[in-house]
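Below is one structure, written out as structure tokens; comments come after it.
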Amino acid sequence: MNQKPKVRVGTAIIITRDGKVLLMKRKGTRGKGTWSTPGGHLEFGETPEQCAAREAKEEVGVDVVDIRFRVVTNDVFEAEGKHYITIWMEGRSIGEPFIAAEKEAEEIGWYAWDSLPQPLFLTLENLLKENSYPPK
């Protein structure tokens, strides 16, 4: 009997400075070569705020404060058979970002919302297309 894949919960953190957003070029198996914000799996017992802060520290080496909820996206990775509910948070960083997780990111940078690098990770595409709850 085949079990259906489970839906996972992820958290993504939007970190902005001077009208630009911090993005990282993904290096891992899911989304390799695409650009996204820091983020990852919500761990058991963790709040979305805690997850967002942890992922930002682990991936780009910054502490994030004033974390608040933005939207939720429903992200289905058809080719991989993966389905995520992504909780989008937003916060302010303290410190200069750097690649803290070399297995997960190959490049990071600050980008204007109207000139983002391509291709984008599915979760960020869905956010920008307002495929979210509630629509932004």
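Descriptive notes on the structure:
- Selection of first residues in the stretch 1-28 that are more than 16 Å from residue 121 (Cβ to Cβ) and of second residues that are small (Gly, Ala, Ser) and open to solvent by 10 Å² or more (accessible area, probe 1.4 Å), restricted to Cβ pairs under 8 Å at least 6 apart or on distinct chains, gives the following pairs, ordered by first then second residue: 5/81; 17/93; 19/112; 20/112.
- The stretch 79-102 residues that are in contact (Cβ under 8 Å) with a residue 12 or more places away in the chain, paired with ones that are assigned to a loop (DSSP other than H, G, I, E, B) and buried (at least 19 other Cβ atoms within 10 Å of the Cβ) (beta carbon under 8 Å, 6 or more apart): 87/42; 93/62; 94/62; 95/62; 96/62; 97/62
- Only residues that are in contact (Cβ under 8 Å) with a residue 24 or more places away in the chain and on the phi > 0 side of the Ramachandran plot were counted in the stretch 41-78, giving 2.
- Residue in the stretch 118-134 that is open to solvent by 60 Å² or more (accessible area, probe 1.4 Å), modelled with pLDDT under 95 and either part of a strand (DSSP E or B) or of a type in the set (Gly, Ala, Ser) (or both) present: yes
- Looking across the stretch 88-111, the residues that are among the hydrophobic types (A, V, I, L, M, F, W, C), in a strand (DSSP E or B) and open to solvent by less than 30 Å² (accessible area, probe 1.4 Å) come down to 88, 89, 105.
- For the stretch 17-39, a residue qualifies if it is at pLDDT below 95 and either among the polar types (S, T, N, Q) or assigned to a strand (DSSP E or B) (or both), and the qualifying residues are 17, 29.
- The residues in the stretch 30-57 that are farther than 26 Å from residue 113 by Cβ and out of contact with any Lys or Arg (no Cβ under 9 Å at 6 or more places or on another chain) can be counted, and the count is 4.
- Output for the stretch 40-78, where each listed residue is open to solvent by 70 Å² or more (accessible area, probe 1.4 Å) and either assigned to a strand (DSSP E or B) or in contact with a Phe, Trp or Tyr (Cβ under 8 Å, 6 or more places away or on another chain) (or both): 63, 66, 68, 69, 70
The values are calculated or read from the model by the stated rules, or taken from the named source; none is laboratory data. Just so you know, these numbers come straight off a predicted model, no measurement behind them. All Cβ positions, even for glycine, are placed from backbone atoms using ideal geometry, and neighbour counts span all protein chains on display. Surface accessibility is based on the protein's heavy atoms, side chains included, excluding ligands, DNA and RNA. Shrake-Rupley method; radii C 1.70, N 1.55, O 1.52, S 1.80 Å.
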